[in-house]
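Peer 1: Right, I'll just put the structure down here and ask away after.
We did not get these values from a lab; they are worked out from the coordinates using the rules stated. Nothing here was measured: the structure is a model prediction, and the numbers come from that model. Neighbour counts are summed over all protein chains in view; Cβ atoms, including those assigned to glycine, are modelled from backbone coordinates with ideal geometry.
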C-alpha cells in the first residue's frame, strides 16, 4: 500500500517537475515527526479521529510551509486513514527518488555523528566502489555500512559478540 501511494505521488511530482521539492518537503515532514513525540503519537495512534488528525496535519502543513502537492498528499493520506503508514510511504518515495537520480543508498551506522568532511569522504569512497552516486542514510551505533548486498560491520555489538564467542570457545 505504501508503495502505491508513493508511486502516485512520485508520478504527480514528475509531471509537475517538482520531484526535488516534494522530496525536500517529505524529508521535512519526516523530521518533524521524528522530533516530536506528540506528532509521532498522532501519526501512529488509531485513537485519534480522522478529523482530529486532519486538523493537526493541516496546521502542520501550513506552519511548515510545505508545498501544495505534499500538503494535499498528507491530507489525502489522513482522510483515507493511512497516516500510520506515512513513514513507509516516505521511504518508498525516497527509493523512487534515488532511482530517478541514479543514486544508490548506503545504510551507515556510526559510533558518533559524521562531520561534513567525513560524510563527503565516505560518500566518495563508496562512489569509487560502486561507480554510482551514493546517498547516505546514517544512524548512530558503531560502524556498519550496508551497500547493496555488501556489508562492513564493526559495531560495538558485533565486537562484543565476537569476544563473547571467543570466551565461550576458550573455556
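Peer 1: Once every DSSP H run of n ≥ 4 in the chain is given -39500 (n - 2.57) and the sum is divided by its residues, what mean residue ellipticity at 222 nm do you get, rounded to the nearest 500 deg cm²/dmol?
Peer 2: -21000 deg cm²/dmol
Peer 1: Relative to the first principal axis of the alpha-carbon coordinates of the chain, what is the inclination of helix 116-130, with its axis defined by its Cα atoms, in degrees from 0 to 90 and to the nearest 10?
Peer 2: Long axis of 116-130 versus the principal axis of the chain: about 80 degrees.
Peer 1: Turning to a different aspect of this structure: When mean projected area of the Cα convex hull in nm² is calculated directly from the model, which label among (i) 9.2; (ii) 13.2; (iii) 9.8 fits?
Peer 2: From the options (i) 9.2; (ii) 13.2; (iii) 9.8, the structure gives (ii).
Peer 1: Using Cα atoms only, what is the angle between the long axis of helix 50-63 and the major principal axis of the chain, expressed in degrees (0 to 90) to the nearest 10?
Peer 2: Between helix and principal axis, roughly 80 degrees.
Peer 1: Something else: If you take the beta carbon distance between residue 79 and residue 20 as r and set R0 to 30 Å, what does 1/(1 + (r/R0)^6) give as a FRET efficiency, to the nearest 0.05?
Peer 2: E(calc), rounded to 0.05, equals 0.70.
Peer 1: Label residue 139 and residue 30 with points 7 Å out from Cα along Cα→Cβ: what is the distance between them in nm?
Peer 2: Simple spin-label model gives 1.3 nm for this pair.
Peer 1: Quick one: angle between helix 68-79 and the longest Cα principal axis of the chain, in degrees between 0 and 90, rounded to 10, please.
Peer 2: 90
Peer 1: So which residue, out of 40, 75, 23, gets the largest mean-square fluctuation from a GNM of the chain using Cα contacts under 10 Å as springs?
Peer 2: Between 40, 75, 23, it is 40 that shows the largest mean-square fluctuation.
Peer 1: In addition: Return, ordered by residue number, the residues of segment 98-121 whose backbone nitrogen is under 12 Å from a label point located 7 Å along Cα→Cβ of residue 167.
Peer 2: Within reach of a label on residue 167, which here means backbone N under 12 Å from a point 7 Å along Cα→Cβ, segment 98-121 contributes nothing.
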